[in-house]
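The values are calculated or read from the model by the stated rules, or taken from the named source; none is laboratory data. These numbers were taken from a predicted model, which means no experiment stands behind them. Cβ sites come from the backbone with ideal geometry, for glycine too, and all protein chains shown count toward neighbours.
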Amino acid sequence: MFNKIFATIALSLFVFINPAQAKIESLQFDSPQMEADYNDLVDELRCLVCQNQNLADSNAELAQDLRKQTYEMLQQGKSREEVVDFMVTRYGDFVLYRPPFKLTTLLLWLGPFLLFLIALTIVAMFFRKQKQTSVSVSEEEKTRAHSLLDD
């Protein structure tokens, strides 16, 4: 009796569980060079949804679409540079993990150094302020402190 109830409950739970939908991409390449270019591109291009992953590592729908688009562009005979130029034109330099050093990406490249300098300045000011605050002790207080230490 217990087994039938348990089996019924377990079976009904399996009906409502959403199956994992992991997609495996199997792509056919015309040449090993095209496959190498594809792998390099999906490693170099950033997922715009995840922002912390490249296209190869991301499972976001946009990353899947961009991988598909990259594959299709390579199949059409476009070079790596043409694919990168298309992505940069459409999504900006942020799509690149290593954006070029130019005026529009200056803050992106120098930002971490500026933040470090600001933090270093704040720490230096804090320690300088700590050093400047000194406590003045009168002779009477010094004598009293020495007498307490001697006891």
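Name every residue in the range 88-105 that is under 19 Å from the mean Cα position of the chain (by Cα) and on the phi < 0 side of the Ramachandran plot, in order of residue number.
So in the range 88-105, the residues under 19 Å from the mean Cα position of the chain (by Cα) come out as 88, 91-100, 105.
Within the range 88-105, 88, 91, 93, 94, 95, 96, 97, 98, 99, 100, 105 qualify.
Suppose we keep only residues that are of a type outside the set (A, V, I, L, M, F, W, C) and at pLDDT below 70 within the range 7-42. Which one would you say is farthest from residue 77 (Cα to Cα)?
To start, the set of residues in the range 7-42 that are of a type outside the set (A, V, I, L, M, F, W, C) comprises 8, 12, 18-19, 21, 23, 25-26, 28, 30-33, 35, 37-40.
If we keep only those that are at pLDDT below 70 too, we end up with 12, 18-19, 21, 23, 25.
Working: 12: 51, 18: 40, 19: 38, 21: 32, 23: 26, 25: 20 Å.
So the residue we want is 12.
Residues in the range 86-127 that are of a type in the set (A, V, I, L, M) and within 30 Å of residue 63 (Cβ to Cβ): how many? Before the answer, list the steps.
Step one: list which residues in the range 86-127 are of a type in the set (A, V, I, L, M), which gives 87-88, 95-96, 103, 106-108, 110, 114-115, 117-120, 122-125.
Filter once more, keeping what is within 30 Å of residue 63 (Cβ to Cβ): 87-88, 95-96, 103, 106-108, 110, 115.
Qualifying residue count, the range 86-127: 10.
Table: residues versus (1) surrounded by 11 or more Cβ atoms within 10 Å (Cβ to Cβ); (2) part of a helix (DSSP H, G or I).
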position: 86; (1), (2): yes, yes
position: 89; (1), (2): no, yes
position: 99; (1), (2): yes, no
position: 121; (1), (2): no, yes
position: 127; (1), (2): no, yes
position: 137; (1), (2): no, no
position: 142; (1), (2): no, yes
position: 146; (1), (2): no, yes
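Counting only residues that are buried (at least 17 other Cβ atoms within 10 Å of the Cβ), assigned to a helix (DSSP H, G or I) and either at positive phi or in contact with a Phe, Trp or Tyr (Cβ under 8 Å, 6 or more places away or on another chain) (or both), how many does the range 28-79 have?
Residues meeting the conditions: 6.
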